[in-house]
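Student: Below are the C-alpha cells for one structure; questions will follow.
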Amino acid sequence: MNNVHFHSLRKHEILRKKQLIALLFSSGQSVKGNFLRIVYASLKTEGYIVQNVPAILFAVSKKTVPSAVRRNRVKRMMREAYRLEKSLIQSKEDHSCDGRADEMLCIVFLYMGRKKTLPDLETFREEIRVLMGKIILS
C-alpha cells in the first residue's frame, strides 16, 4: 500500500464537498474545448485537509447524454484520460506553489459534446492535454 502508482486516481483526489463545488462554480475560471469544458479555481480550504494534488470532479449532464449507460461511459473515459494526463497539472502546480499553503486547486471537467457518437479515449486525452495546457494558475 505504500507504493502508489504515479498515474493512479486516488479516492481523496475526488471533489465531494458541496460547499467547495458551489464556490468553484461561482468564482472559478473556465476553459472550453471542442467537447469538454474545464472550470478551475484555487480555493481557500478552511477546515479541509490540503493535499498537494488537485481536487477533481467529472460531470455529464442528463440533457447532453440521456442514457445512463453512455453517461457512465463518458465519465469513465474522462477519468481515465485525466489519470493518464495528470502529470501535466501536477508539474505546473509544483512550479507555481509559492507560499499558498491554505489553497487547493479544484477542477471540474464538464462534458459538453452534442454529437451522437462519443469520442474515443485518445481524443479525450488530447482534449484534456490541450485544456490543461491553457490553465493558468494565478
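Every read-out reported here was derived from the displayed coordinates using simple, explicitly stated rules and does not represent laboratory data. Computed from a predicted structure; not experimentally measured. As a convention, Cβ positions derive from the backbone with ideal geometry for all residues, glycine included, and neighbour counts pool all protein chains shown.
Student: Name the residues of the range 52-66 whose amide N is less than 19 Å from a point 7 angstrom out from the Cα of residue 75 along the C-beta direction?
Tutor: Zone members listed by number: 55-66.
Student: Tell me the label-point distance for the pair residue 8, residue 27, using the 7 Å Cα-to-Cβ offset, in nm and rounded to one decimal.
Tutor: Each label point is offset 7 Å from its Cα along the Cβ direction, giving 3.2 nm.
Student: Next question. Cross-link candidates for residue 44: which lysines have Cα within less than 25 Å, leaving aside residues fewer than 8 places away along the same chain?
Tutor: Within the straight-line cut-off, residue 44 pairs with 11, 17, 18, 32, 86, 92, 134.
Student: Let me ask something else about it. If you take every residue apart from residue 10 with its C-beta less than 14 Å away from the C-beta of residue 10, what net charge results, scoring Lys and Arg +1 and Asp and Glu -1?
Tutor: +4
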